[in-house]
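Colleague: Have a look at this one before I ask anything.
The values are calculated or read from the model by the stated rules, or taken from the named source; none is laboratory data. Values in this document were obtained by computation on a predicted structure and should not be read as measured data. Counting neighbours? That spans all protein chains shown, and the Cβs are built from the backbone with ideal geometry, glycine included. For accessibility, only protein heavy atoms count, side chains too; no ligands or nucleic acids. Shrake-Rupley method; radii C 1.70, N 1.55, O 1.52, S 1.80 Å.
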Amino acid sequence: VTAGLVGDVDDVRAFCQGRLRTSGRVAAAFAAAACATWPSGDWRTLHTELDARMPSQAMRTASYAMGAGLRRLLHSLAADLTALGDPVHHPIALGAGVAYAGGTPEDAARAAALGVCTSAASAAVRLLGLDPYAVHGMLASLTPEIDTLALRSCNFGPRDAAEGCTIAKLPADSAPALDLLADVHLTQEVRLFAS
């Protein structure tokens, strides 16, 4: 917003579509992988591989902070996620939580994909004073893209995890400009959002 890249609902739509094709694709795939392999997944490798896909220290820190928050929420519901280790990336905690609740890898991928859009949309409403109904309508219009991404993120099964051959092949799409902006945001005198 400060850089002038996002100013209206159409810009927010384009921003969300870009996130779905980059960091959203990565988050969805890792959430699906965590769900598919719960509770016996190779958590250290999942975290290491996701770290490698997040060159921005600010993005990694935000992911771990949101993962810790989700872990606390799930713990309050009696979910035992200690197998994940500590700290835990948000998409991995999300996938494990979806599995714990009886959901599917596709459910986990859909939740992660939706999350990368709703966080940006919520911030845009607050920062730009956009009509929340217009923004929610825009989010609803992204449903086909979110569903397609969720379906494509689920080519991961327990057998693959046991063989250790698929984790490294999870998507590694990135958005370098967002990584740079996230790191610059840490240096700002007034910081509004971590995610």
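Colleague: Exactly one condition in (1) outside any loop (DSSP other than H, G, I, E, B); (2) open to solvent by less than 70 Å² (accessible area, probe 1.4 Å) is false for Ala79; which is it?
Modeller: So the condition that Ala79 fails would be (1).
Colleague: Considering each of Pro144, Pro132 in turn, give the residue that is over 21 Å from Thr22 (Cβ atoms) and either among the small types (Gly, Ala, Ser) or over 14 Å from the mean Cα position of the chain (by Cα) (or both). Show your work before the answer.
Modeller: On the way: Pro144 fails: over 21 Å from Thr22 (Cβ atoms).
Selected residue: Pro132, the only one of Pro144, Pro132 that is over 21 Å from Thr22 (Cβ atoms) and either among the small types (Gly, Ala, Ser) or over 14 Å from the mean Cα position of the chain (by Cα) (or both).
Colleague: Further question: Restricting attention to the range 26-66, which residues are over 18 Å from Pro105 (Cβ atoms) and either aromatic (Phe, Trp, Tyr) or modelled with pLDDT of 95 or more (or both)?
Modeller: Matches in the range 26-66: Tyr64 only.
Colleague: Would it be correct to say that Ala52 is in contact with a Pro (Cβ under 8 Å, 6 or more places away or on another chain) and either under 30 Å from Val6 (Cβ atoms) or in contact (Cβ under 8 Å) with a residue 12 or more places away in the chain (or both)?
Modeller: No: the conditions fail for Ala52.
Colleague: Which of (1) open to solvent by 70 Å² or more (accessible area, probe 1.4 Å); (2) more than 27 Å from Glu145 (Cα to Cα) does Arg25 not meet, given it meets every other one?
Modeller: (2)
Colleague: Hey, another quick one. From Ala62, Ala68, grab the single residue that is small (Gly, Ala, Ser), closer than 21 Å to Pro176 by Cβ and assigned to a helix (DSSP H, G or I). Explain how you work it out, then say what you get.
Modeller: Values: Ala68 fails: closer than 21 Å to Pro176 by Cβ.
After ruling out the rest, the residue left standing is Ala62.
Colleague: Sticking with this structure for a sec: Tell me the residue from Ala96, Ala108 that is part of a helix (DSSP H, G or I), aliphatic (A, V, I, L, M), touching a Gly at 6+ places or on another chain (Cβ under 7 Å) and open to solvent by less than 40 Å² (accessible area, probe 1.4 Å), please. Walk me through it before giving the result.
Modeller: Numbers: Ala96 fails: touching a Gly at 6+ places or on another chain (Cβ under 7 Å).
Within the list Ala96, Ala108, the selection yields Ala108.
Colleague: Would you say Val1 is in a loop (DSSP other than H, G, I, E, B), touching a helix residue (DSSP H, G or I) at 6+ places or on another chain (Cβ under 8 Å) and touching a residue at least 12 places away in the same chain (Cβ under 8 Å)?
Modeller: So Val1 fits the description; yes.
Colleague: Another question, if that's okay. On the basis of being surrounded by fewer than 24 Cβ atoms within 10 Å (Cβ to Cβ), touching a residue at least 60 places away in the same chain (Cβ under 8 Å), more than 16 Å from Ala123 (Cβ to Cβ) and not aliphatic (A, V, I, L, M), does Asp42 make the cut? Show your work before the answer.
Modeller: Numbers: surrounded by fewer than 24 Cβ atoms within 10 Å (Cβ to Cβ): yes; touching a residue at least 60 places away in the same chain (Cβ under 8 Å): yes; more than 16 Å from Ala123 (Cβ to Cβ): yes; not aliphatic (A, V, I, L, M): yes.
Yes, satisfied.
Colleague: For the range 64-84, does any single residue satisfy the condition of being in contact with a Phe, Trp or Tyr (Cβ under 6 Å, 6 or more places away or on another chain) and over 19 Å from Leu149 (Cβ atoms)?
Modeller: Quick first cut of the range 64-84, residues in contact with a Phe, Trp or Tyr (Cβ under 6 Å, 6 or more places away or on another chain) only: 79, 84.
Adding the requirement that they be over 19 Å from Leu149 (Cβ atoms) leaves 79, 84.
Yes, because at least one residue in the range 64-84 is in contact with a Phe, Trp or Tyr (Cβ under 6 Å, 6 or more places away or on another chain) and over 19 Å from Leu149 (Cβ atoms).
Colleague: How many residues, within the range 1-53, are under 14 Å from the mean Cα position of the chain (by Cα) and among the hydroxyl-bearing types (Ser, Thr, Tyr)?
Modeller: 2
Colleague: Now for a separate question. Which numbered condition in (1) under 24 Å from Leu151 (Cα atoms); (2) surrounded by 20 or more Cβ atoms within 10 Å (Cβ to Cβ); (3) of a type in the set (Gly, Ala, Ser) is the only one that Ala14 fails?
Modeller: All conditions pass for Ala14, except number (2).
Colleague: Within the range 103-112, can one find any residue that is farther than 19 Å from Arg25 by Cβ and touching a residue at least 40 places away in the same chain (Cβ under 8 Å)?
Modeller: Within the range 103-112 (the criterion being farther than 19 Å from Arg25 by Cβ and touching a residue at least 40 places away in the same chain (Cβ under 8 Å)), the answer is yes, since at least one residue qualifies.
Colleague: Continuing with this model, one more query. Restricting the search to the range 129-166, which residues are closer than 30 Å to Asp51 by Cβ, open to solvent by less than 40 Å² (accessible area, probe 1.4 Å) and at pLDDT 80 or above? Break it down into steps so the answer makes sense when it comes.
Modeller: Within the range 129-166, the subset closer than 30 Å to Asp51 by Cβ is 139, 142, 145-166.
This time we only want the ones that are open to solvent by less than 40 Å² (accessible area, probe 1.4 Å), so: 139, 142, 146, 149-150, 153-154, 156-157, 160-161, 166.
Of everything in the range 129-166, those that are closer than 30 Å to Asp51 by Cβ, open to solvent by less than 40 Å² (accessible area, probe 1.4 Å) and at pLDDT 80 or above turn out to be Leu139, Leu142, Ile146, Leu149, Ala150, Ser153.
Colleague: Condition check: open to solvent by 30 Å² or more (accessible area, probe 1.4 Å), at pLDDT below 90, outside any loop (DSSP other than H, G, I, E, B) and β-branched (Val, Ile, Thr). Does Val125 satisfy that? Give the derivation first.
Modeller: On the way: open to solvent by 30 Å² or more (accessible area, probe 1.4 Å): yes; at pLDDT below 90: no; outside any loop (DSSP other than H, G, I, E, B): yes; β-branched (Val, Ile, Thr): yes.
No, not satisfied.
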